[in-house]
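Worksheet: the structure to be examined is printed underneath.
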Amino acid sequence: MSRYVLTAVLLLGLLPAVAAQSRLETFRQNEHYIVLPVPTATGTTGQSHGGLLVQELFSYACIHCHRLEPALATWTGQLPDDVRFERVPAVFSRSWMLLAEAYYVAEVCGVLGVTHDAMFAAIHEDGRQFKDAADIALFYADRVRAVGQRRGQRCRSREDFLAAFESLEVAQAVAQALALSRVWQVGSVPTLVVAGQWRSDGRLAGSNEAMLDVADYLLRRTRAEAQTSDGSADY
């Protein structure tokens, strides 16, 4: 292979990376993302971990959130070790309040890995409508029974899940989620908030999947701005 042909082949191989880099650099403030008027702390659930935080405001009632889940799962699975991801359930109505409680009940009970996808599927694929906490508690108990005991699981029966619905821990988590959605001034889901400073959604990014690219860009920007003069990061 001649030197010129080899050079051409190498350049062609670099094109996808160059294109991706160029696309990331085209994201602009107030066009693809906005700066939050009031930055929020990045330890919203009492976590003491360091690093960067990406938060998704979502709801089980949101079909767009359901459709984003496969791409979101792939994206979160590839996040570097210094980035953590957490969901914040949106509370836009009384019925959404119940679903927000359901999310935190599953988290408190240690069964979120069993119930999360199942909730989306039950609502958007099976057409199920959860009318109250007892209905969800029964659904959770059935799901847990079907998959068996898991490490870290704190609830097993319908009564266990109902007790979690009434817990102070769940009430506080839902109140905090409601406060965050107000501070973030979010009117639709899914929405991503990066490092408690920037917000993007499908309308701003161009699509819900493109919102993940915007988040990647904002993570890179956060790292660059946090880099200290001696080369260490200060998150």
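The values are calculated or read from the model by the stated rules, or taken from the named source; none is laboratory data. From a predicted model like this one, the values you see are computed outputs, not experimental measurements. In this analysis, Cβ positions are derived from the backbone assuming ideal geometry, glycine residues included, and neighbour counts consider all displayed protein chains.
On inspection, residue 106 fails the criterion of being touching a Ser or Thr at 6+ places or on another chain (Cβ under 9 Å), at pLDDT 95 or above and either in a loop (DSSP other than H, G, I, E, B) or farther than 24 Å from residue 143 by Cα (or both). The residues on offer are 174, 147, and the sole one that is surrounded by 13 or more Cβ atoms within 10 Å (Cβ to Cβ) and either under 23 Å from residue 53 (Cβ atoms) or within 23 Å of the chain's Cα centre (by Cα) (or both) is 174. Take the conditions (1) surrounded by fewer than 18 Cβ atoms within 10 Å (Cβ to Cβ); (2) within 17 Å of the chain's Cα centre (by Cα); residue 152 misses just one of them, which is (2).
Please state which one of 120, 161 is crowded, with 18+ Cβ neighbours inside 10 Å, outside the structural domain of residue 62 (by TED's automatic domain parsing) and more than 24 Å from residue 84 (Cβ to Cβ). Step through it out loud before you land on a result.
Numbers: 120 fails: more than 24 Å from residue 84 (Cβ to Cβ).
Exactly one residue qualifies, and that residue is 161.
For region 103-122, a residue qualifies if it is within 19 Å of the chain's Cα centre (by Cα) and under 11 Å from residue 60 (Cβ atoms), and the qualifying residues are 103, 106, 115, 116, 117, 118, 119, 120, 121.
Residues checked against (1) at negative phi; (2) touching an Asp or Glu at 6+ places or on another chain (Cβ under 8 Å); (3) in contact (Cβ under 8 Å) with a residue 12 or more places away in the chain:
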position	(1), (2), (3)
98	yes, yes, yes
107	yes, no, yes
144	yes, no, yes
148	no, no, no
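Can you pull out the residues in region 150-195 that are among the β-branched types (Val, Ile, Thr) and touching a strand residue (DSSP E or B) at 6+ places or on another chain (Cβ under 9 Å)?
First, pick out the residues of region 150-195 that are among the β-branched types (Val, Ile, Thr): 170, 174, 183, 186, 189, 191, 193-194.
Answer for region 150-195, where residues must be among the β-branched types (Val, Ile, Thr) and touching a strand residue (DSSP E or B) at 6+ places or on another chain (Cβ under 9 Å): 174, 186, 189, 191, 193, 194.
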